[in-house]
Amino acid sequence: MKRTSRDIRTANRYEVLRQIIAESPTSRQELAAATGLSLATVATLVGELLDLRMITEVGFEDSAGGRPRGLVAVNASGGALIGVDIAETYVHVELFDLALNVLARADEDMRPGESRPEQVVGHVAAAVGSVVAQAGVEAARVLGVGVSVPGQVDRDTGIAEYAPNWDWHDVPLLDLLAEHIAYPLHLDNPLRACAVAELWFGAARGRGDAVVVNLGTGVGAGLALGGGLHRGVSNSAGEWGHTTLVLDGRLCHCGNHGCVETYVGAPGIMQNLRELSPRSVLLHPEDQTATIDALAAAVAESDPVALKVVRDTARYLGAGIADLVNLLNPEVVVLSSWVAARLGEPLLEEVRQAVARHALRRPLAATEIVLSPIPTDPVSLGAATFALEGALQSVGQRAVKRTHARSRTAPPS
Ligand SMILES: [Zn+2]
């Protein structure tokens with residue numbers, strides 16, 4: 001697919017705002033140096049962002065002799081963004097200001113079996129209503145809502161095409177949500193949400209090629225290649241969780257056997273524990289979160305069973321990550337999402353050793369493996385970033401009929 005001049009302009013706009021959010025206040029000259037764009041291009045893009053009230057002028061920089069340089073900074077109160085993280089076991093929603101500070105949070109638990117689209121939509125609508133009320137922002141200031149849902153999604157039509165853990169097929173999720181939520185909506189999945197969060201705010205910022213390994217109930221790899229999100233031709237790149245790790249191995253929801261996910265996703269880790277110690281007190285049948293929490297606590301106490309489970313899981317994970325390292329030669333591999341956050345350093349250490357046993361020397365030497373440095377939920381941050389990107393994309397094409405985002409005028413119910 002050919003990149004149009006509008007695509008390039010949009011990418012440049014992202015780059016300039018990303019830099020301003022990271023380094024406020026800053027000058028046009030510093031922005032040009034940091035982004036590699038010409039001063040004239042930066043000046044135009046800064047002008048657009050000022051018109052949108054996403055940034056503001058904040059005085060002048062002291063300069064030795066020469067003309068004083070005008071400084072700009074992100075206008076935190078210039079708008080609000082909402083990120084929705086729909087997972088298999090919970091809905092987590094955060095409302096951010098434009099500097100991407102969290103102003104409000106809401107959580108809804110999803111009980112096992114509670115996976116019908118209308119149930120999920122009900123939880124999302126309740127949580128979105130809650131964060132807007134908590135933060136006390138005017139509806140008009142909400143620039144958009146990014147929604148991350150597991151599985152394959154068509155972001156142009158807003159359809160959740162396939163969610164293996166719920167057996168969803170072609171669910172018109174954005175249309176269902178638009179019946180309850182009045183803001184522009186943007187749909188994508190957690191792989192890309194985590195990748196875009198790392199790209200804008202985390203370990204992939206300023207890196208050319210990064211792989212964001214998402215370890216939750218489901219597993220996948222968000223790919224940031226050449227400094228931008230890699231989606232593939234039909235928005236499904238990164239389904240590494242469903243690549244084969246063990247021939248004729250464990251049965252996966254997707255119908256295949258031996259997928260990476262069946263060994264290193266939360267249910268896979270539970271199975272690793274069950275095979276090692278079927279009656280372990282760490283095992284909370286039917287409760288992934290409780291089991292992973294119990295494992296993390298037991299590892300901290302040097303419990304031998306828990307240590308062995310983390311090591312076994314890291315062996316599988318390391319072999320799979322070594323494939324990614326050999327295939328993509330990334331600068332950084334980021335371990336992200338809730339399972340990685342909870343198992344933390346002990347898992348990271350074991351994974352580094354396991355990757356070193358499997359990967360080729362040259363790509364391995366160039367790759368750093370780290371935990372996500374994002375202190376909050378990376379999926380809702382990434383989802384909110386999609387809403388921010390959507391708002392930036394619509395600059396200069398306001399009159400053009402929107403195809404990527406739905407917007408309704410009715411107030412939220
Ligand atoms: Zn699979």
In whole Å, what are the extents of region 195-309 along the principal axes defined by its C-alpha atoms, from largest to smallest? 47, 33, 20
Quotient of Cα Rg and 2.2 N^0.38 Å for the chain, N being how many residues it contains: 1.01
Residue-averaged 222 nm ellipticity for the chain, from DSSP H runs of 4+ at -39500 (n - 2.57), nearest 500: -13000 deg cm²/dmol
Across the Cα atoms of region 5-74, what radius of gyration and what greatest pairwise Cα-Cα distance (Dmax) are found, in Å? 11.7, 39
Given the candidates 124, 43, 90, the one whose Cα lies deepest towards the positive end of the charge dipole of region 1-128, counting +1 at each Lys or Arg C-beta and -1 at each Asp or Glu C-beta, is 43
Quick one: 3J(HN,Hα) in Hz for region 115-126, Karplus 6.51/-1.76/1.60 with θ = phi - 60°, rounded, Gly and Pro as x. 9, 6, x, 5, 5, 5, 4, x, 4, 5, 4, 5
Cα gyration tensor, region 168-223 - rounded (a/c under 1.5), prolate or oblate: oblate
Within region 1-150, percent of DSSP bridges classed antiparallel, to nearest 5: 80
What does DSSP give for region 78-224 in terms of the percent of beta bridges that are antiparallel, rounded to the nearest 5? 70
Degrees, to the nearest 10: 266-276 long Cα axis against longest axis of the chain: 20
Given the C-alpha atoms of region 81-216, compute the convex hull and give its volume per residue in Å³. 110
Candidate cut points under GluC sites (Glu not before Pro) in region 267-322, DSSP loop plus at most 12 other Cβ atoms within 10 Å of their own Cβ, are 286, 301
Of all alpha-carbon pairs in region 62-157, indicate the percentage at a distance above 20 angstrom. 48
Among bridges DSSP assigns within the chain, what percent are antiparallel (round to 5)? 65
Report, in degrees rounded to the nearest 10, the 0 to 90 angle that the Cα long axis of helix 288-300 makes with the longest principal axis of the chain. 80
Let me know the longest stretch in the chain that avoids all trypsin sites (Lys or Arg not before Pro) found in a DSSP loop with at most 13 other C-beta atoms within 10 Å. 54-278
Rg and Dmax of region 293-376, Cα atoms only, in Å: 13.0, 38
Normalised convex hull volume, region 55-110, alpha-carbon set, Å³ per residue: 82
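Each value in this text was obtained by applying a stated rule to the coordinates, not by laboratory testing. None of these values were measured; they are calculated from a predicted model. Neighbour counts run over all protein chains shown; Cβ positions are idealised from the backbone, glycine included.
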